[in-house]
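Notes for the one structure printed next.
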Amino acid sequence: MTRLTADNLDGFFPKIHYLDGYLEETTGLGLRALACEAAGVAEADIDFDALSVAVVPVTSGKGVIRGFSETVAETIRSLGIDTVVTDACDVAGVAEAVSHGFDIVLMADDDRFIAVDRKRGVFSDNVWSTARGYVTALRLAAGGSLEGMTVLIIGAGRVGGTASTMLLEEGARVEVVDIRREKTERLARNVPGIVPRFDLAAAISENLLILNASPGKISGRNVREGAIISSPGVPYAFDGEGEAKAKKIIHDILGLGVAVMVVSAANPRDSHIREEIKLG
Ligand code: PYL
């Protein structure tokens, strides 16, 4: 999974409101409603005003990313939820969040990012939530159903792999391409029913519906006129030609995945753990 950088995160705060408006324009739903739709939560089932969330900075591994916890907190505040970043990091930060009685606690190390509903012992992770959010955005941007439609997934990593199973469940015909052939082949072995592709340019140029979960740049030369692209991949992949040719490109670096994590963890009717599909 691509590790975010402080540069990726710089200037995200003002964009969170742009993201809300852009999602409304491209999917018909703003950030909170889209997150609820993705997580299968009725918005009315969550008392956003009463919820309290703590984000705990984690110093393990490659350490804290400047701006990460604040960006996460700002995203959650934009949903109408009181949110703080704990003063302490790591275990002391979790102890601070629990002792102050926060309902949901978020924390991320270099490998996993989870939102824990403390009282119910339920958590959702960022990979599942990002896949869920961007699959849902694609479905809505494509008119409300992916049944019988072909979707190309670019990137056979954790988000792309998790999204592939979700798209199959939505009745789509799913093609997957990764620049590393062995990753495409591994996903095809693990997820029966997906169609492996081995020529990136050809796969992109032949598809109108794309979920881009890769960190690579995508040449506009290959983007089809009128393509609808749901793109959680970081960093942003598209050039001017691709933006001019695509009908819609839905992208943000963190907000939609975080919003789905929180509403999923807060869902009073669902006590399932929501985490990525583990591939062999
Ligand atoms: C969750 C993001 C989405 C894409 N890549 C993932 C990433 O960058 N993970 C690392 C997050 C580290 C956070 C650091 C902190 O500031 O608390 N431990």
- prompt: Relative to the Cα centre, what is the charge dipole magnitude of the stretch 129-250, using +1 at the beta carbon of each Lys and Arg, -1 at the beta carbon of each Asp and Glu, and rounding to the nearest 20 debye?
  reply: 200
task: Starting with the highest mean, order 32-39, 49-56 by the number of other Cβ atoms within 10 Å, averaged over the residues of each peptide.
output: 32-39, 49-56
- prompt: Treating the beta-carbon of each Lys and Arg as +1 and of each Asp and Glu as -1, no other charges, what is the dipole magnitude of the chain about its Cα centre, to the nearest 20 debye?
  reply: 860
- prompt: What list of ³J(HN,Hα) couplings, whole Hz, do you get for the stretch 237-251 from phi and the Karplus terms 6.51, -1.76, 1.60, once you set θ to phi - 60° and write x for glycine and proline?
  reply: 9, 9, 9, x, 5, x, 5, 6, 7, 6, 6, 9, 10, 9, 8
Other-chain or far-sequence residues with amide H under 5 Å of residue 176's (modelled H): 153, 195, 197
message: Net charge within 14 Å of residue 134 by Cβ-Cβ distance, Lys/Arg positive one each and Asp/Glu negative one each, not counting residue 134 itself?
response: 0
field: Given charges at Cβ of Lys, Arg, Asp, Glu: the stretch 129-250 dipole, positive-most of 229, 200, 190
entry: 190
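Which value, in debye to the nearest 20, gives the size of the charge dipole of the stretch 100-175 about its Cα centre, when Lys and Arg are +1 and Asp and Glu are -1 at the Cβ?
160
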Distance in nm between pseudo-label sites at residue 10 and residue 24 (7 Å out along the Cβ direction from Cα): 3.0
task: Quick one: work out the % antiparallel among DSSP beta bridges in the chain, nearest 5.
output: 25
statement: Scalar couplings 3J(HN,Hα) for the stretch 101-109 by Karplus 6.51 cos²θ - 1.76 cosθ + 1.60 (θ = phi - 60°), nearest whole Hz, x for Gly and Pro, are x, 5, 6, 10, 10, 10, 7, 9, 9
message: Quick check: from the Cα gyration tensor, does the stretch 220-280 come out rounded (a/c under 1.5), prolate or oblate?
response: prolate
- prompt: Tally Lys/Arg at +1 and Asp/Glu at -1 over every other residue whose Cβ is under 9 Å from the Cβ of residue 205; what's the total?
  reply: +1
- prompt: Which far-off residues, 5 or more places away or on another chain, put their amide H under 5 Å from the one on residue 249, with H placed in the peptide plane?
  reply: 229
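Could you please report the charge total around residue 229, scoring K, R as +1 and D, E as -1 over all other residues with beta-carbon less than 12 angstrom from its beta-carbon?
Summing Lys/Arg as +1 and Asp/Glu as -1 gives +3.
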- prompt: In terms of the Cα gyration tensor, with a ≥ b ≥ c the square roots of its eigenvalues, is the stretch 134-229 rounded because a/c is under 1.5, prolate because a/b exceeds b/c, or oblate?
  reply: oblate
- request: Return the FRET efficiency for the residue pair residue 271, residue 87: r is the Cβ-Cβ distance, R0 is 35 Å, and the value is rounded to the nearest 0.05.
  value: 0.70
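For the ranges 159-172, 76-89, what's the packing order if you count other beta-carbon atoms within 10 Å of each residue, average per peptide, and put the highest first?
159-172, 76-89
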message: Straight-line reach from residue 248: which lysines fall under 27 Å, measuring Cα to Cα and dropping same-chain residues less than 8 apart?
response: 15, 217
- request: Let me have the 222 nm mean residue ellipticity of the chain computed from DSSP H runs of 4+ only, each contributing -39500 (n - 2.57), with the sum over all residues rounded to the nearest 500.
  value: -11500 deg cm²/dmol
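Only the coordinates and a few stated rules stand behind these numbers; no lab work does. Quantities reported herein were computed from a predicted structural model and do not represent experimental measurements. Backbone-built Cβ (ideal geometry, glycine too); neighbour counts: all protein chains shown.
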